[in-house]
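The values are calculated or read from the model by the stated rules, or taken from the named source; none is laboratory data. A quick note: this is a predicted structure, and the numbers were derived from the prediction, not measured. Note that each Cβ is placed from the backbone with ideal geometry, even for glycine, and that neighbours are counted across all protein chains shown.
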Amino acid sequence: MTISEQMKKILADEKVQKALEQIKEEDSLTIDQQKILTEIPAPPFKEEKRAKAFKKLLEDYDLEDVHMDEEGNVFGKRSGTGDGPVLVVSAHLDTVFPEGTDTTVIEKDGKLHAPGIGDDTRGLAEVLAVIRALQDSDLKTVGDIIIGGTVGEEGAGDLRGVKAYFKENKADGYISVDGSHLETIIYLGTGSFRYRITFQGKGGHSFGDFGTPSATHALGRAIAAIADLETKADPKTTFSVGPIEGGSSVNAISEKASMEVDLRSNSMEELIELDKKFLAIVEAACQKENERWGKDSMTVEVEKFGNRPPASQDKEAPIVQALAEAIKGVGKEPVYGEPVSTDANYPMSLGIPAVTSGLGGKAGGTHTLKEWFDPADAYLAVQKHFLFILSLVGVDELTTPILTKEV
């Protein structure tokens, strides 16, 4: 039986149709939970308050083994009938916004406005809606479903939640519920290395100590050389110098200067090559600043704080095509997206079939204080996730799992 035929069989099932109708009828509840969770701040590395609220909801829905792990992830389990594959499904708990950000949800002209209202609080709400539909139905899956929320997806979090999970657990498949547009399938992952570079010298008076190596001069040498780097357009490989700091006064030789740098590529080979060039530039900048003044007082500290692996899989992979059929199942046409960086990167890099399944509704202003969400027909994405999950783990006495049991 093809994946398309399996999806048609699932869609024809009376219990499935009842669950899909429930998802639509509970759209307002899903939106209410989205608003409630949005107003519980979850800044980077401080997701615990939201995680506890999310954990309580998982417990209310009678999932098995609901727990918060040492990293702060929250997961529960819905067991299958036995000897089926293990599927992990999650949205991420954290937002990009710092502690103290006002996350009050304001409704205006049919839209919801608040920092984090979409990314990825909407994902958490959709995960909860899927759980309700599964738990309220009489459907029994063949495989186990591990479902919940992860920490550390954004920025300096460096996928710490999903990395920690897969360090301790195995799975046959993974779904990240995240990203705009329910039609979009993300099946490729962009990798990144992130650095904090700090030049340190003795410093001194700009006139009286002239001839002392300057940390800001060393930093400037490095930035200029980085700006002249050439990278490939295919596979896309990029670099960027972000925040820079340094110096204390206009009439002082800088004692300390730093920068944060983002290196990205869709290819691990190209990312490693770019990394080598970058690190060579940093060392050369330090050396040249010392040589310029005939000194050896300038040093450089290299701190790597981000390591997201690039990853890829075939467009025709069963998990990718199963998502495509689920999108068609709710009346939309699948769009195969470009590589991006999501929680799915890490399991994909381990060889675990993994995709990112886009959210419902419409959103804008992501990662800004003006973020907004339009909930019109947002329930369609929840229906899509529901169908997708059923197809992957199989429905007892109806369909076999699309995922292959390996663990």
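For segment 208-218, check the following and say yes or no: at least one residue is assigned to a helix (DSSP H, G or I), surrounded by 17 or more Cβ atoms within 10 Å (Cβ to Cβ) and among the aliphatic types (A, V, I, L, M). Yes, some residue in segment 208-218 is assigned to a helix (DSSP H, G or I), surrounded by 17 or more Cβ atoms within 10 Å (Cβ to Cβ) and among the aliphatic types (A, V, I, L, M).
Could you count how many residues in segment 107-148 are free of Cβ contacts under 8 Å to residues at least 40 places away in the same chain and either touching a Phe, Trp or Tyr at 6+ places or on another chain (Cβ under 9 Å) or crowded, with 24+ Cβ neighbours inside 10 Å (or both)?
So the first thing to find is which residues in segment 107-148 are free of Cβ contacts under 8 Å to residues at least 40 places away in the same chain, and the list is 107-109.
Those still in the list that are either touching a Phe, Trp or Tyr at 6+ places or on another chain (Cβ under 9 Å) or crowded, with 24+ Cβ neighbours inside 10 Å (or both) too: 108.
Adding up the residues that qualify gives 1.
Picking from residues in segment 55-106 that are out of contact with any helix residue (DSSP H, G or I) (no Cβ under 9 Å at 6 or more places or on another chain) and of a type in the set (Val, Ile, Thr), the one that is surrounded by the fewest Cβ atoms within 10 Å (Cβ to Cβ) is Ile106.
At least 3 residues being out of contact with any Ser or Thr (no Cβ under 6 Å at 6 or more places or on another chain), closer than 19 Å to Leu359 by Cβ and not charged (D, E, K, R) is the threshold, and among the strands (runs of 3 or more DSSP E) wholly inside segment 1-120 those reaching it are 86-92.
The residues on offer are Val177, Val162, and the sole one that is β-branched (Val, Ile, Thr), buried (at least 24 other Cβ atoms within 10 Å of the Cβ) and within 22 Å of Asp32 (Cα to Cα) is Val177.
When segment 222-271 is filtered for residues that are under 20 Å from Pro310 (Cβ atoms), assigned to a strand (DSSP E or B) and of a type in the set (A, V, I, L, M, F, W, C), the ones remaining, listed by number, are Phe239, Val261, Leu263.
Pairs meeting the criteria (first residue in segment 1-15 and farther than 13 Å from Lys328 by Cβ, second residue of a type in the set (D, E, K, R) and surrounded by 14 or more Cβ atoms within 10 Å (Cβ to Cβ), beta carbons under 8 Å, at least 6 apart or on different chains) are Met1/Lys9. Cβ-Cβ distances below 9 Å connect the following pairs, each with a first residue in segment 44-58 that is over 10 Å from Asn73 (Cα atoms), a second residue that is surrounded by fewer than 19 Cβ atoms within 10 Å (Cβ to Cβ) and among the acidic types (Asp, Glu), and a separation of six or more residues or different chains: Pro44/Glu99; Lys46/Glu99. For beta carbons closer than 9 Å, sequence separation of 6+ or different chains, a first residue in segment 190-204 that is among the charged types (D, E, K, R) and assigned to a loop (DSSP other than H, G, I, E, B) and a second that is surrounded by 24 or more Cβ atoms within 10 Å (Cβ to Cβ) and modelled with pLDDT of 95 or more, the qualifying pairs are Lys202/Pro213; Lys202/Ile253; Lys202/Met298.
Out of Gly148, Gly161, which single residue is at pLDDT 95 or above, assigned to a strand (DSSP E or B) and either closer than 23 Å to Ala363 by Cα or in contact with a strand residue (DSSP E or B) (Cβ under 7 Å, 6 or more places away or on another chain) (or both)?
Numbers: Gly161 fails: assigned to a strand (DSSP E or B).
From the options Gly148, Gly161, the qualifying one is Gly148.
When restricted to residues that are surrounded by 18 or more Cβ atoms within 10 Å (Cβ to Cβ) and more than 30 Å from Ser248 (Cα to Cα), segment 258-283 contains 7. Annotation: of all residues in segment 170-189 being in contact with a helix residue (DSSP H, G or I) (Cβ under 6 Å, 6 or more places away or on another chain) and part of a strand (DSSP E or B), the one that is farthest from Glu245 (Cα to Cα) is Gly173.
Among the residues that make up segment 364-378, is at least one of them in contact with a Phe, Trp or Tyr (Cβ under 6 Å, 6 or more places away or on another chain) and among the small types (Gly, Ala, Ser)? Yes, because at least one residue in segment 364-378 is in contact with a Phe, Trp or Tyr (Cβ under 6 Å, 6 or more places away or on another chain) and among the small types (Gly, Ala, Ser). Listed by first and then second residue, the pairs linking a residue in segment 296-322 that is over 25 Å from Arg264 (Cα atoms) to a residue that is part of a strand (DSSP E or B), with Cβ atoms under 6 Å apart and 6 or more places separating them unless they lie on different chains, are Thr299/Gln200; Ile319/Gly173; Ile319/Val355. Within segment 306-339, the set of residues being at pLDDT below 95 and either hydroxyl-bearing (Ser, Thr, Tyr) or closer than 30 Å to Ile253 by Cβ (or both) comprises Ser312 only. Looking only at residues in segment 221-259 that are touching a residue at least 60 places away in the same chain (Cβ under 8 Å) and farther than 27 Å from Met348 by Cα, the one that is farthest from the chain's Cα centre (by Cα) is Arg221.
Farther than 27 Å from Ser341 by Cβ and buried (at least 19 other Cβ atoms within 10 Å of the Cβ) - does that describe any residue in segment 221-244? Full working, then the answer.
Let us first name the residues in segment 221-244 that are farther than 27 Å from Ser341 by Cβ, namely 221, 224.
If we keep only those that are buried (at least 19 other Cβ atoms within 10 Å of the Cβ) too, we end up with 221.
Taking every residue of segment 221-244 in turn, at least one turns out to be farther than 27 Å from Ser341 by Cβ and buried (at least 19 other Cβ atoms within 10 Å of the Cβ).
Among the residues making up segment 274-317, those that are closer than 14 Å to Ser258 by Cα and assigned to a helix (DSSP H, G or I) are Val282, Glu283, Ala285, Cys286.
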